[in-house]
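The values are calculated or read from the model by the stated rules, or taken from the named source; none is laboratory data. From a predicted model like this one, the values you see are computed outputs, not experimental measurements. Cβ: placed from backbone, ideal geometry, glycine included. Neighbour counts: every protein chain shown. Protein only, heavy atoms only, side chains kept; ligands, DNA and RNA dropped before computing areas. Shrake-Rupley method; radii C 1.70, N 1.55, O 1.52, S 1.80 Å.
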Amino acid sequence: MDYVKECIRDVIDFPQKGVVFKDLTTAFKDARALRVIGDRLADLYKGKGVTKVVGIESRGFIGGAILADRLDAGFVPVRKPGKLPADTISESYTKEYGTDTIEVHRDAINEDDVVVLHDDVLATGGTMMAAYRLIKSMNPKKIYINFIVDLTMLGGRANLPADVEVTSLIEY
Ligand code: AMP
């Protein structure tokens, strides 16, 4: 993963002052890095019977769709309010300033599904925890959580359920 790490760009003070933003677009645009990300994600989950990969808007769509394809699983988008066309369920969560809401189609997951929730970066874990509650309410057989990057110094892992297997490819 050293090569992928070299391809990730730090953007200082984005989207606001004091944040060092891990920009994965520079890894996704590199054919070798993109291939390695797909390979490693697939290595983590092959043989686990995964039927759906859930990607969180919008940066979770890229790795999530690649992982779904590699596992022969389906892909499900979790989106911001008002974007999904059919009947949805939603979950709100508190952020530093105000609240945010995410949605998924009501018929996206069923009780036979084994699900991987995927996002590109784990920061505080707030977004992923909301996605977990959303998907958990649909009673799938099993839920895994995955990130490409874990910003460990922010302690997001502690905000995710202790009994869920959480993986990441790169830690900072
Ligand atoms: P979280 O605080 O874990 O809920 O993160 C919110 C969203 O913003 C997630 O989708 C992360 O991918 C993204 N994010 C938060 N902080 C960063 C960062 N420093 N670099 C890149 N993405 C970030």
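Details
- Placing Arg157, Arg59 in order of accessible area, with the largest value first and a 1.4 Å probe, yields Arg59, Arg157.
- The range 68-97: chymotrypsin sites (Phe, Trp or Tyr not before Pro) in DSSP coil with no more than 11 other Cβ atoms inside 10 Å: Tyr97
- Considering the range 69-122 at the alpha-carbon level, its Rg and Dmax are found to be 13.0, 39 Å.
- Leading residue at positive end of dipole, the chain (Cβ point charges), from Ile109, Tyr144, Leu154: Ile109
- Computed [θ] at 222 nm, helices only, for the chain once each DSSP H run of length n ≥ 4 contributes -39500 (n - 2.57): -8000 deg cm²/dmol
- Taken over the range 28-99, the percentage of Cα pairs per 5 Å bin, counting from 0 up to the bin with the maximum distance, is 3, 14, 20, 20, 16, 12, 11, 3, 0.
- Taking every protein chain into account, the 1.4 Å probe leaves Lys48 with about 70 Å² of accessible area, to the nearest ten.
- Based on protein heavy atoms only, the chain ends up with 52 Å² per residue of surface accessible to a 1.4 Å probe.
- Pair-distance profile P(r), taking every C-alpha pair of the range 1-127, with 5 angstrom steps and integer %: 2, 10, 16, 20, 20, 16, 11, 5, 1
- Annotation: the antiparallel percentage among DSSP beta bridges lying fully within the range 1-124 is about 55.
- The listed residues Met129, Met1, Met138, Met153 rank as Met153, Met1, Met129, Met138 when sorted by accessible area, largest first, using a 1.4 Å probe.
- Less than 5 angstrom separates the built amide H of Phe75 from those of Val53, all sequence-distant by 5 or more or on a different chain.
- Exposure of Leu169 as accessible area (Å², to 10), given a probe of 1.4 Å and all protein chains: 30
- Area projected by the alpha carbon convex hull of the range 1-67, averaged over all directions, nm²: 5.1
- Volume in Å³ per residue [convex hull over Cα atoms, computed for the range 87-172]: 87
- Distance between the C-alpha centres of the range 104-172 and the range 63-103: 11 Å, rounded to the whole angstrom.
- GluC sites (Glu not before Pro) restricted to the range 61-145 and DSSP loop, no more than 13 other C-beta within 10 Å: Glu96, Glu111
- Distance violations [Cα-Cα > 20 Å] among Lys48/Lys141; Lys17/Lys95; Lys5/Lys46: Lys5/Lys46
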